[in-house]
Amino acid sequence: QVQLVESGGGLVQAGGSLRLSCAASGRAVGSLGMGWARQAPGKEREFVAVTSWSGANTYYSDSVKGRFTISRDNAKNTVYLEMNSLKPEDTAVYYCTADGSTTTLMKGRGNYWGQGTQVTVSS
């Protein structure tokens, strides 16, 4: 079993930055792909960013490409999402997710999920 705990959400003005963290625990965490998804009010959950188990491969949704950066520190079992140039449309609950397949993560069907952290961007 894998447990994921997100932190770092909050309220920020448009154009600002935030860094989300996701601490993972459980067996074989270092072998899992990890990623972030988000869900805005009234909308479906959507893929944001994914990293392979090594961190060598990363994938981003078109809506965040060039503004967000995903990274991981396997020594700390932690994945990060650096969010820059935030826009009001980035407002959502952000979820950390993990799975053995990055393709599955990109489809929003990861096997493991955190509880989520709220990000609110004011205009």
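The values are calculated or read from the model by the stated rules, or taken from the named source; none is laboratory data. Quick caveat, the model's predicted, so the values are computed rather than measured. FYI the Cβ positions are ideal-geometry reconstructions off the backbone, even for glycines, and counts take in every protein chain you see. All accessible areas refer to the heavy atoms of the entire protein, side chains included, with ligands and DNA or RNA removed. Shrake-Rupley method; radii C 1.70, N 1.55, O 1.52, S 1.80 Å.
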Task: Relative contact order (%) - the stretch 1-85, alpha-carbon pairs under 8 angstrom, separation at least six - done: 31
Open item on the list: So the label point goes 7 Å from the Cα of LEU11 along Cα→C-beta, right? Which residues of the stretch 105-123 then have their backbone N under 13 Å from it?
Closed with: 119-123
TODO: Quick one, can you get me the convex hull of the C-alpha atoms of the chain expressed as volume per residue in Å³?
DONE: 88
TODO: Would you count, across the chain, every pair of lysines whose alpha carbons are under 23 angstrom apart, provided the pair is eight or more residues apart or spans two chains?
DONE: 5
- [ ] Calculate for the chain the 222 nm mean residue ellipticity that helices alone would give, adding -39,500 (n - 2.57) per DSSP H run of length 4 or more and normalising by residue count, nearest 500 deg cm²/dmol.
- [x] -1000 deg cm²/dmol
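Could you check how much of the accessible area of the chain is carbon and sulfur, as a whole percent, using a 1.4 Å probe? Can you show the working numbers first?
Numbers: 2830 of 6250 Å².
In the chain, the share of accessible area belonging to carbon and sulfur is 45 percent.
Write down the accessible area per residue of the stretch 6-123 in Å², having rolled a 1.4 Å probe over the full set of protein chains.
Details: 5910 Å² over 118 residues.
For the stretch 6-123, the solvent-accessible area averages 50 Å² per residue.
Could you check how many percent of all C-alpha pairs in the stretch 34-77 are farther apart than 11 Å?
Taking all Cα-Cα pairs of the stretch 34-77, the fraction more than 11 Å apart is 67 percent.
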Task: Neighbourhood net charge (14 Å Cβ-Cβ; Lys/Arg +1, Asp/Glu -1) for SER31 - done: +1
Task: Cα-centre dipole for the chain with unit charges at Cβ (Lys and Arg positive, Asp and Glu negative), debye to 20 - done: 120
